Amino acid sequence: MKFQAFLLTTLLGLAGASAGLAQDDAAPAAPTAAESAAAESAAAESAAAESAAAESAAAEDSAPAAPATIRVVDDLDVDAVIAAFNEGSDAPRQFTDEERSWIGAGVAPGDIDKAHQGYVAIPSTDPNVVIINRNGKELRVTSNADAGRVPVITPDSSHMMPFAPEVDNGSFWMAEAASETAKDVDRMFNFIMWINYIFAAIIGGLMVLFCVKYRRRPGVRADQTITHNTPLEITWSIIPTILCAIMFWGGYVTFLDLRTPPPDSMKVNATAYRWGWNFQYPSGVESPQEFHVPANTPIEMVMTSTDTLHSFHLPAYRSKSDVLPNRYTKIWFNSGEPGTYRVYCTEYCGKDHSNMYAKLVVEPREDYEAWLTKAGNWMVNENGEMKPLLEIGELTYNRRGCKSCHSIDGTKGTGPTFAGLWGLERQFDDGTSAVADEQYINQSIRDPYSQVVVDANGVSYGKQMTIYSPMLPVEQINGMIEFIKSLEGVARKD
Amino acid sequence: MTQVDIPVESPVRPVQHLDKNFINHSKGFLSWALTLDHKRIGLMYLVGISLSFFLGGLFALAIRLELFSPGMQFMDAATYNQVFTLHGAVMVFLFIIPGIPAALGNVVLPLMLGAKDVAFPRLNLCSYYLWLSGAAFFIWTLFSNGLDTGWTFYTPYSTSYTDTSVIQATAGVFMLGFSSIFTGLNFLVTIHKMRPPGMTWHKLPLFLWGMYGTAIMQLLATPVLGITLLLLIMETTLGIGIFDPQKGGDPVLYQHFFWFYSHPAVYIMILPAMAVVSEIIAAFSRKHIFGYRMIAYSSVSIALLSFLVWGHHMFVSSESTLATLIFSAITFTIAIPSAIKVFNWLATLYKGSVQLDTPMLYALGFMWLFTIGGLTGLFLAVLSTDVVLHDTYFVVAHFHYVMVGGTLFAFLGGLHYWWPKMTGKMYSETSGRIAAVTAFIGFNLAFFPQFIMGSRGMPRRYADYTADFELYHRLSTTGTLILGVGLALLAYTLLRSLFGGKKAPANPWGSATIEWECPSPPPHHNFDHPPLATDPYDMERVEWDEEVQGYVPAVGHRPTAH
């Protein structure tokens, strides 16, 4: 977006937003989020829109005054839905009245747990409003784009996928530590925190005490004889020096632990690109955005970047290293007990920096091996045959990070949409043009900067695209061609 | 140690106000635009950096409102990246670095020396115009493609991947750098050559010691920034491979160059703040500063050590283990002089006569916030804990405690302290105090939660976050709004005083430094006769006078020997 336009809209928006915030903290007015709505909640919303179509005209006129409540779908038999859900189950699930009302509004019984966490929205009587029940607190979120934006967060959302819930554990200051080395880091953290508490208490306490006790009073003069006191000054220089020496040494020893992988550690390569991660195993298996490791095993990560700086941050293991183009950096961690952990990019890398997440799954060795086999065979079906090219293309689109920039519903993203792209005349920023055919798609994937497209206003999309030539095998490129072909004729909204 | 009262018949009160002062002795646009008067240049700087602060503050507000809830509220991720970049760049380069030295220092430093002006008045004006040009380049950046590299301009993103106006912005920073160098050079020579009779190095007010340390860093470190940004511009425009690996360069080299300047720059920001606070604490305790020599020496040692610790910004950017060891060790040596200063200020309060006027509230606020900022710095100096906290909100909170809680609060304290001298007007003490307390509360609410979310893993520079960080972000945004209210009240208080404020006496606070001996505001030439310097913290040199509602030289006072 152009910056001038932004300045204007921000100033206007600030006034609106602050007014909105002032009104109601609990209900951050807001909206949309088509991109992030999960399939099921999206379906539920549209169902809501249809069935409530009659009321909606009236609701829009009469307004914001009438609060939205949980929708009731008249012809939905809640008992039948639950019975269908429990069919064949050894332990049929009982639903509370609240949960039954959600099912009655169109939430699938299997999604009730996610709805409790706030990841699945509950349709309301107002087609523009969905209800998010986040940790027992109800948020009413309007999907009216003009009112601001708060997308429904779903586990399948392309935007800020929630990772594992384990960060809610741990202490006030730190998430739960997942390895012994991480616990060493925490011991040092707590030691420094105690130094902080003690010094802050002494300094703050004395400051308040002196300001009260020696406040200015008529006839009382300051004691002008106290100008220095060498023994005192030496004391308060030496005590911090000793504490600093202890902290420095303790920190250094643990740092060496963090940096020195055991010789028998399992190696995983990670390649960072804008904006995602690709993990490679010694066997050649690749896995984007998510990697699994066996439990209680030292894992050494060998990392590099294909474009800008990135940083691999594993908070649960207290581990981090920048990832640089043309260099290899290493970290290691002992995987410890099974669990799911967050991986963040912590070095600013451009537009979707805050979306550059990955997931680490630590699991028992058998499960890990099963996953590895499956991950290695993702282009092959159960019978050991290659999947159809179109399916490979769709999987590639979802796995390789294409979807974070190129939409398939026609909306404009960081890159041009794939909808209706096939056969279109493309204008490049050097003035030339080409028809979107096989060769055009192949070249755009392997050497994107040789032909940068301009948008409907003639503005170049710029050099945003990841260069995939070293990563994408020919089956996947062919798959992408089929996938884009399948979107021919879909309406474009750019 | 004994004082002998010598009866004097009728003490001659010094002149408190003059009809012709530096503000009104000549009129017209050119009399300001072409002025060589350090006080006028200082005031023009003050207006400029205040506007920059306001602009940077708007960006801050936009950031915090966007982060009030998870998901995107009213901007997209690309816009958010521009907003946090511009917030950082405007605040650092246009406000904090020039803040105290160029605005307050320009007005006060020659007055404190009893001098007529700085050593090179033309260079001083040139430095102001360089600042103005740099600011103009930033405005140009805003209205062309914006800037989304982060204020650090890290390569190769800034040279090869962004399509925003990096060249305009870096050219602007280049000019601002020279503005800073000229100011430093000017102050260095002025302090060396223009001290009044009696002002030996150990009688130099601590504000000047701080300015002296700052000037050394401005002079020696800033050229490195200039060179680095020139190289960056050359890589972007001419395609010479210096930092981008695709062109054969090395991105880590850029980080070394950048932090070789920008770490001293952190102390360019905080040393003047410490210097201001040393003056305020002594004045409002009406007591001799405690441990004068230790404070003075610690300023200079901080200035020198600041050149040796740049690597602690790069503990996780593939720096060798040996280098991290050395940089971590040297970093701790800076903690000691900083701690010493805090203890000395505390000891100055002991058995003082403490008056909680507005400047003192800011100075005490500074002491607390800087203590938190400094103590949390320990987590980042320790190698093992830095690895997990690096580039998270913990770092964001830490440097805001130091930069905003430290430098901004000291700047505001200094602004209120010297306001009567600069403008000749007294502001409303009541609304000044309310503003100070509101800002203090708002600041803590805004930034303390950021420590917690940072240590729990929230990375910095994220346009969006997961729901488990929502509470901390909401507290932070609420605090920002309170801080904003405090600052708005502050602006109102000061601006109001210009139109309805009482006339200020020459010495409203009872300070013993020389700048309070000339009338408020000072005449064009500052002093009729070069004043004689004595101990700058001999507070009983002046005493309260009901008639002028200020302090006048005490009758028959004999300096106490120390």
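The values are calculated or read from the model by the stated rules, or taken from the named source; none is laboratory data. Everything numeric in this text was worked out from a predicted model, so none of it was measured. Every residue, glycine as well, gets a Cβ built from its backbone with ideal geometry; the counts of neighbours run over all protein chains shown. Just the protein is used for accessible areas: all its heavy atoms, side chains included, with ligands, DNA and RNA removed. Shrake-Rupley method; radii C 1.70, N 1.55, O 1.52, S 1.80 Å.
Quick check: anything in the stretch A:345-365 part of a helix (DSSP H, G or I), more than 14 Å from every other protein chain (Cβ to nearest Cβ) and either under 29 Å from B:T155 (Cα atoms) or open to solvent by 20 Å² or more (accessible area, probe 1.4 Å) (or both)?
Yes, some residue in the stretch A:345-365 is part of a helix (DSSP H, G or I), more than 14 Å from every other protein chain (Cβ to nearest Cβ) and either under 29 Å from B:T155 (Cα atoms) or open to solvent by 20 Å² or more (accessible area, probe 1.4 Å) (or both).
Quick grid of which residues meet (1) in contact with an Asp or Glu (Cβ under 6 Å, 6 or more places away or on another chain); (2) away from chain A (no Cβ under 14 Å); (3) surrounded by fewer than 18 Cβ atoms within 10 Å (Cβ to Cβ):
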{"residue": "B:N24", "(1), (2), (3)": "no, yes, yes"}
{"residue": "B:H38", "(1), (2), (3)": "yes, yes, no"}
{"residue": "B:L46", "(1), (2), (3)": "no, yes, no"}
{"residue": "B:A62", "(1), (2), (3)": "no, no, no"}
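Of everything in the stretch A:317-334 that's touching a residue at least 40 places away in the same chain (Cβ under 8 Å) and more than 8 Å from chain B (Cβ to nearest Cβ), which residue is most open to solvent (accessible area, probe 1.4 Å)?
Checked the stretch A:317-334; the qualifying residue most open to solvent (accessible area, probe 1.4 Å) is A:K330.
Suppose we filter the stretch A:431-465 for residues that are surrounded by fewer than 17 Cβ atoms within 10 Å (Cβ to Cβ) and aromatic (F, W, Y); how many remain?
Residues that pass the stated criteria total 1.
What tally of residues in the stretch B:480-500 results from selecting those that are touching a Ser or Thr at 6+ places or on another chain (Cβ under 8 Å), in contact (Cβ under 8 Å) with a residue 60 or more places away in the chain and open to solvent by less than 20 Å² (accessible area, probe 1.4 Å)?
2
Since A:I242 meets every condition but one in (1) surrounded by 14 or more Cβ atoms within 10 Å (Cβ to Cβ); (2) assigned to a helix (DSSP H, G or I), which condition does it not meet?
Condition (1) is where A:I242 drops out.
Report yes if some residue within the stretch B:353-360 is closer than 18 Å to B:F207 by Cα, facing chain A (nearest Cβ under 10 Å) and buried (at least 23 other Cβ atoms within 10 Å of the Cβ); otherwise report no.
yes
Looking at (1) touching a residue at least 12 places away in the same chain (Cβ under 8 Å); (2) closer than 27 Å to B:Y462 by Cα; (3) part of a loop (DSSP other than H, G, I, E, B); (4) open to solvent by 10 Å² or more (accessible area, probe 1.4 Å), which is the only condition B:Q82 fails?
(3)
I'd like the full set of residues that are within 10 Å of chain B (Cβ to nearest Cβ) and either assigned to a loop (DSSP other than H, G, I, E, B) or under 15 Å from A:I246 (Cα atoms) (or both), limited to the stretch A:178-189.
A:D184, A:V185, A:R187, A:M188, A:F189
Yes or no: B:L445 aliphatic (A, V, I, L, M), within 11 Å of chain A (Cβ to nearest Cβ) and either closer than 30 Å to B:Q16 by Cβ or open to solvent by 30 Å² or more (accessible area, probe 1.4 Å) (or both)?
Judged against the criteria, B:L445 is not a match.
Consider B:T348 carefully, then state whether it is hydroxyl-bearing (S, T, Y), over 19 Å from A:L209 (Cα atoms) and either without any contact (Cβ under 8 Å) to a residue 40 or more places away in the chain or facing another protein chain (nearest Cβ under 9 Å) (or both).
So B:T348 does not fit the description; no.
Can you tell which of A:D430, A:D455, A:D437 is closer than 22 Å to B:T159 by Cβ, at pLDDT 80 or above and not assigned by TED's automatic domain parsing to the domain that holds A:G276?
The match here is A:D430.
Just wondering, is there one or more residues in the stretch A:141-161 that are at pLDDT below 65, among the basic types (K, R), within 23 Å of A:R342 (Cα to Cα) and not in a helix (DSSP H, G or I)?
Scanning the stretch A:141-161, I find no residue that is at pLDDT below 65, among the basic types (K, R), within 23 Å of A:R342 (Cα to Cα) and not in a helix (DSSP H, G or I), so the answer is no.
Quick one: which helices (runs of 4 or more DSSP H) lie wholly within the stretch A:382-494 and hold at least 3 residues that are in contact (Cβ under 8 Å) with a residue 60 or more places away in the chain and aliphatic (A, V, I, L, M)?
The qualifying helices (runs of 4 or more DSSP H) are A:389-399, A:474-486.
Is it the case, given these coordinates, that B:V90 is farther than 29 Å from B:T183 by Cα, part of a helix (DSSP H, G or I) and open to solvent by less than 10 Å² (accessible area, probe 1.4 Å)?
No.
Matching residues to (1) in contact (Cβ under 8 Å) with a residue 60 or more places away in the chain; (2) touching a helix residue (DSSP H, G or I) at 6+ places or on another chain (Cβ under 7 Å); (3) not assigned by TED's automatic domain parsing to the domain that holds A:C345:
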site: A:I195; (1), (2), (3): no, yes, no
site: A:F199; (1), (2), (3): no, yes, no
site: A:F210; (1), (2), (3): no, yes, no
site: A:I226; (1), (2), (3): no, no, yes
site: A:G284; (1), (2), (3): yes, no, no
site: A:F291; (1), (2), (3): yes, no, no
site: A:P294; (1), (2), (3): yes, yes, no
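Can you tell me which residue is farthest from B:L346 (Cα to Cα) among those in the stretch A:201-233 that are of a type in the set (A, V, I, L, M) and within 8 Å of another protein chain (Cβ to nearest Cβ)?
A:V220
Is it the case that B:P98 is under 14 Å from the mean Cα position of the chain (by Cα), crowded, with 24+ Cβ neighbours inside 10 Å and within 28 Å of B:H192 (Cβ to Cβ)?
Yes, satisfied.
Looking at B:V316, B:V300, B:V342, B:V309, can you tell me which residue is closer than 22 Å to B:T392 by Cα, in contact with a Phe, Trp or Tyr (Cβ under 8 Å, 6 or more places away or on another chain) and of a type in the set (A, V, I, L, M)?
Checking each option against the conditions leaves just B:V309.
Has the stretch B:456-473 got any residue that is among the aromatic types (F, W, Y), surrounded by 18 or more Cβ atoms within 10 Å (Cβ to Cβ), without any contact (Cβ under 8 Å) to a residue 12 or more places away in the chain and under 30 Å from A:L309 (Cβ atoms)?
Checked against the condition, which is being among the aromatic types (F, W, Y), surrounded by 18 or more Cβ atoms within 10 Å (Cβ to Cβ), without any contact (Cβ under 8 Å) to a residue 12 or more places away in the chain and under 30 Å from A:L309 (Cβ atoms), the stretch B:456-473 yields at least one hit.
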